[in-house]
Every structure is written in C-alpha cells, then in structure tokens.
Amino acid sequence: MNPSTRPSRRALLGAAALLPVGAALAACSSSGSDAPAIGGSGGSDGGGGSNVGSDYDEIIAGGPVADDATVSGSEWAQGIKEAGKLKRGGTTTGQIFSLKDPSTGKVTGFDAGITQLLAQYILGKDSTEKIDYLDTTVETRETMLQNGTVDVVVATYSITAPRMEKVNFAGPYYSSGAAIQVRSDDDSITSVDDLKGKKITTESASTGYDAIMKHVPDAQDSDIQQFAENDQCIAALKQKRVDAYVLDQSILLSNAVADDSLKVVGEPFTKDPYGIGLSKDHEDSLDFVNGFLQKIYDDGTWAKLWKATIGQVVEGDTPAPPTIGDTAATE
Amino acid sequence: MDAITDNIPALLHGIGTTCLLTILGYAFSLVFGTLLAVCRVSPIPPLRWAATVYVEIFRNMPMLSLLVLLAFGMPDAGLLLPLFWTGVLALVLSGSAFVCETVRSGINTVPIGHAEAARSIGLGFFGVLRFVVLPQAFRTMVQPLVNIFIGTVIGSSLCAAVAVPELTYQTQAINNQYAQAVLMFLFVGAVYLCLAFAGGLVGWLLERRLSPTRLLNRHTTRIGAGA
C-alpha cells in the first residue's frame, strides 16, 4: 500500500479523463430535455420567439390611462405613481401567461399584458418599461405582498379561500379550468372518470392537485407526481412515468400545439378563477384595480389581449370577461 | 396551525421518506465511497484513475442538476427507475464522492510506518487496510463523516424537485393549499434541524468512544484491575 500521493500527475490525468465523460453527460442532458420549447411554437419566425399575436404591442399601447383624479384618489396608486415603478410579483417563465424572451428581455403573455396595462393605467403612456418583474413562488407570494416587496401579484394566481384570508384579490380577470393531457397514442383516457387508478402529474405550484383529488374517483395521493415546471411534467408523461397530465387547459393546449406526441382530451372539468393579488394593508387598491379591470373589459382591450395570447392556442370565440367579484371556484 | 394538524399523516409520511432517503443514501455512500477510497490508494493505476475521475465529476456537480439529469435523462436512455430510487441514486453518487475523499484523507493520516510494519508481519493489501489502517483512520474521519451525513439529510430535500414525496415535497404541496408558507417552513426547518442534530450527536458519541485517551484509560484501568 502506498498512501503517499503524486497529485500533480494524477490531477492532470483526471482532468484529461474528465473531458470526454463531461461531454457524454452533456449529450445525455440535451437528449433528456426534448420536451417542446413552447416559447418558439407560435413564433416560427424566430425573431419574436414569443407565443403572442403580432398585434400584442398595439393592444397594450391602446389600453386606457387613468386620469389624475382617479390615481390621486387611491393612496396605493398614488404611491406607485410617485415611485414611478410598478413592482409585479410573478414568473417570467410561464407559457402563454408570462414569458420572457431572453434575447430581447421583453415579457409577453396574458398575465404580462394585464400587468403592462395596469402599469400604463397608473403611470401613463409608454410605461411598459416601468415594471419590475420580481419572481414570486407559491411559497412566497402572500408574504411578498404583505411586506410590500411587490405591489401586485399577477401570476395565474387562483383565488382560494385560504389565500383570501391573507391577501385581497382583484378580479377575477380570467377563468380557467383544469383539463387532461395524454400521449397521442393513448385512447384509454377520454374523461376525468377514466383517470381512476391512473398515475397523474401536475405542476406543484398549481391548483391541479386539488382538482385531481376532488374530481378523480378514488384519487390517491401517491398516484400524483408534482413537478415544478411544465417541461418536467411533459417529460414525465412522455417517459410514461405517468398516464396523464392535469393542468390549466390553455397551457396543455399549447403543449399539444408544440408537440405532436401529446393531445388534450375532453373539456375542462373545474372552474378556476385567477385574481390579481393585492396587500390587505392597502384596502383602496382593491377598488382601484377592479375599476381598472372593468375599464379594460368595457373597452374591449381585455378581449383583444385574450385573442392575442390565450386565443392563439384555444379554439373558438373569445369568451366574455369574468364578472368582477365572482370569486367562487367550482370545486 | 391547521396546516400542520390537518396533515399529520402526510407530514409523517414525508418525514419517513426523508429518513429512508437519508439512511439508504448515506449507507450506500459509506460502502461505495470506502470502496472508491480503496481504489484511490490502491497500487493499480487504472483503478486510481477511474476513482479520481468519478470523484471529480460527482463532487463538483450540483445535486439538483444531478437529480434532474437522472430523473429525466435516464428514461431517455432506456432506464426508468422509480423516482424514490432516482433520489437515492443521486444521493449515493454525490455522497460517495465526498466519503471517498474523507476516507482517503483519513487513510493518509496514518503514518506510512504503520502500514509498512503491518506488511512486514505478512498482512496483504486488504489485511493492512482492514486491521491496521482503517481502524486508525476512522477516528479522524468521524467528524467529516458526520458532515457528510448532515449534507445527505439536507440534500435529500432537493429530491422534492423530482416529486419524491419526502418532507419538503409534502410541505410544498400542503402550502399550496393552505397558503401558510412561513409556518410550514419553520416546522420543516425544525424537523431537518432535529434530524441533522441527531446525526451530529451520534458522531460526537462515536468520537468520544474512539478518542485515544479514552481507549488508553480503559486499557490502563483494565490492567490496573488485573494487577
């Protein structure tokens, strides 16, 4: 036995040997992520690289601006105007709703559009640059609202009773529903009842878990696998770890558009209202933001934004905007 | 508090899974890491090189990357392991690299004269390790090994990212329904603290038992009693 070492020579050999192995691992990882990059699905032109309609910027620019009296009437809005920035909590990696284009830094999508319209409503025209996009997660949303780190949370934020105890919700501004995604060659699942005894995946930050537990007959906790990202859920489905993927219909539809091996079956089986999260410390913000939403509902901006974002993947006519204050989820 | 009291079965299940992940991950790391260390000090160059390459890869790769790579990369290569075992595998791959280096440095603390003396009385390579070098080396390795245990406990929480239903995963799921992040993560933090502390305590007891002065005292007492 020779415990003494000759580090220099060994380190050199080790480093040399490491190179091919590292390359092999890298190759392995790239093949592991052949889940569709949805950002590129709608924008085959590549330039925009986004999944929104070409008139997106126009729609935002055409949104309403509040008059001075309306803004000064709300201490909350006045504060934002004085700061000159709207701090939005959410994500910039959400397909369809809020996706950042890494090459331009532009954030687009339905939630992003609502945020940009709100910023413009408070701060005036050309305010889309005056937004701080701060990342919030399911764990941090309520706390970051409460301590004022963010002014609003626009993040496919489902209105639920426990959350309403901690924060206020303006809206709802969108009513979503959970649907079912399966592999294209799988004809055994056509409705939520067929999910009985199946393995199901959903995003951990969504209301998918609740939807499964309430609607799938005899749903077992151990049959549900929750992953943080859409891409991971898709990978789990395609690699047959699970038989179905339950999430907001629009996201599943965009997955199906991007990837032929996936399809969406049946109609949404829940009603899931999304609200704009606001701090309870600023009660006036609730009326103010609801007033803003009513304005974009009435002048048609909301419908145009829907068409340019969610309407790109959901077939059929633009729905009527949800009724403000109608926060009841169908459970 | 509802968030905790309503979900005690789920949380206990999570704690159980965390313990199982940790115990399996650490046990296999110890075995595999020690074998690797033996390779690294062996007189056969290819074995030394292979172990060095292994250590440099898995010691320097973030656990989370490794987990996601194993969970989503292996099925594409045709190996669909249950997620729990994927988690154990990641903990072992990473943990054994650290154990290897700890054991190797422990072995290097034993003066070469001891090994030479052992060899001169006819012990082979494994005999020298088993009866002379490793027992002495183990004493200096206790605290570093406890560190690796704590790293395994804490690292097991990353398995939540690939849907292993351990404590962090259960907590995230519960928080999604109850919106009680601060409370839930305080609770989970306390549980991890207890688990890691228990490991530290065992290490401390082991270290005390193995300390040379204590061994010496025990020896002298026995001689004294015999006299």
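What are the residues whose amide H is under 5 Å from the amide H of A:K271, where those residues sit 5 or more places off or on another chain and H is modelled from the backbone? Excluding prolines and chain starts, which carry no amide H, the hits are A:T330.
Under a Gaussian network description of chain B, with springs only between Cα atoms under 10 Å, the residue in B:Q170, B:Q143, B:Q180 that fluctuates furthest is B:Q180. Using the Cβ-Cβ distance between B:V31 and B:R208 with R0 = 22 Å, the FRET efficiency computed as 1/(1 + (r/R0)^6) comes to roughly 0.35. Compared with the alpha-carbon gap, the fully stretched path from B:D6 to B:N147 is longer by 47.3 nm at 0.36 nm per residue.
3J(HN,Hα) along the stretch B:32-47, derived from phi through the Karplus expression 6.51 cos²θ - 1.76 cosθ + 1.60 where θ = phi - 60°, amounts to 5, x, 5, 4, 4, 5, 4, 4, 5, 9, 6, x, 9, x, x, 5 Hz, with x in place of Gly and Pro. Every helix of 4 or more DSSP H residues in chain B counts as -39500 (n - 2.57), and over all residues that averages to -26500 deg cm²/dmol at 222 nm. Here the Karplus curve 6.51 cos²θ - 1.76 cosθ + 1.60, taken at θ = phi - 60°, turns the phi angles of the stretch B:110-124 into couplings of 7, x, 4, x, 5, 5, 5, 4, 4, 5, 5, 8, x, 6, x Hz, with x standing for Gly and Pro.
Placing R0 at 51 angstrom, the Cβ-Cβ distance between B:A50 and A:D68 gives a FRET efficiency of 0.10 after rounding to 0.05. Note: relative contact order over the stretch A:254-331, using C-alpha pairs below 8 Å and six or more positions apart, is 40 percent.
Using C-alpha pairs below 8 Å separated by at least 6 residues, the relative contact order for chain B is 27 percent. Estimate the FRET efficiency between A:Q78 and A:E229 by the formula 1/(1 + (r/R0)^6), using the beta-carbon distance for r and 35 Å for R0, to the nearest 0.05. For A:Q78 and A:E229, the calculated efficiency is 0.35. Could you give log10 I(q)/I(0) at q = 0.10, 0.15 Å⁻¹ for the stretch B:2-226, computed by the Debye formula over C-alpha point scatterers of equal weight, without solvent? Log10 of I(q)/I(0), two decimals: -0.58, -1.02. Given the protein assembly as shown, what whole percent of its Cα pairs are spread farther than 42 Å? Pairs farther apart than 42 Å: 35 percent. Taking the charge dipole of the protein assembly as shown about its Cα centre, with +1 at Lys and Arg Cβ atoms and -1 at Asp and Glu Cβ atoms, the residue from A:P319, B:L205, A:T149 reaching farthest to the positive side is B:L205.
The residue list B:V188, B:I121, B:G33 was ranked by how far each Cα lies along the charge dipole of the stretch B:2-226 toward its positive end, using unit charges on Cβ atoms, and B:I121 comes out on top. Most simply put, the stretch A:88-157 has about 45% antiparallel DSSP beta bridges, counting only bridges with both residues inside it.
Distance between the C-alpha centers of the stretch A:263-294 and the stretch B:170-202? Whole Å please. Centre-to-centre distance over Cα atoms comes out at 31 Å. Approximating the spin labels as points 7 Å out from Cα along Cα→Cβ, the B:C194-to-B:S120 distance works out to 5.5 nm.
Computed from backbone phi with θ = phi - 60° and the Karplus coefficients 6.51, -1.76 and 1.60, the 3J(HN,Hα) list for the stretch A:313-326 is 10, 8, 7, x, 6, 5, x, 6, x, x, 7, 5, x, 7 Hz; x is used for glycine and proline. The relative contact order of the stretch A:53-178 comes to 28 percent, based on Cα pairs under 8 Å that sit 6 or more residues apart.
Computed about the Cα centre, the dipole magnitude for the stretch B:2-226 is approximately 1160 debye when only Lys and Arg (+1) and Asp and Glu (-1) carry charge, each at its Cβ.
Ordering B:A3, B:A160, B:V133 by Cα displacement along the dipole of chain B toward the positive end leaves B:V133 in first place; charges were set at the Cβ atoms of Lys, Arg (+1) and Asp, Glu (-1). A Stokes-Einstein calculation at 37 °C with viscosity 0.692 mPa s, built on the Kirkwood radius of the stretch A:178-265 over Cα pairs, returns a diffusion coefficient of 265 µm²/s. Placing a label point 7 Å from the Cα of A:A161 along the Cα-to-Cβ direction, the residues of the stretch A:264-288 with a backbone N closer than 19 Å are A:270-275.
Fully extending the segment from A:K214 to A:E129, taken as 0.36 nm per residue of separation minus the present Cα-Cα distance, adds 26.4 nm.
Values in this text are rule-based calculations from the coordinates and carry no lab data. In this text the structure is predicted, and so the values were computed from the model without any measurement. In this analysis, Cβ positions are derived from the backbone assuming ideal geometry, glycine residues included, and neighbour counts consider all displayed protein chains.
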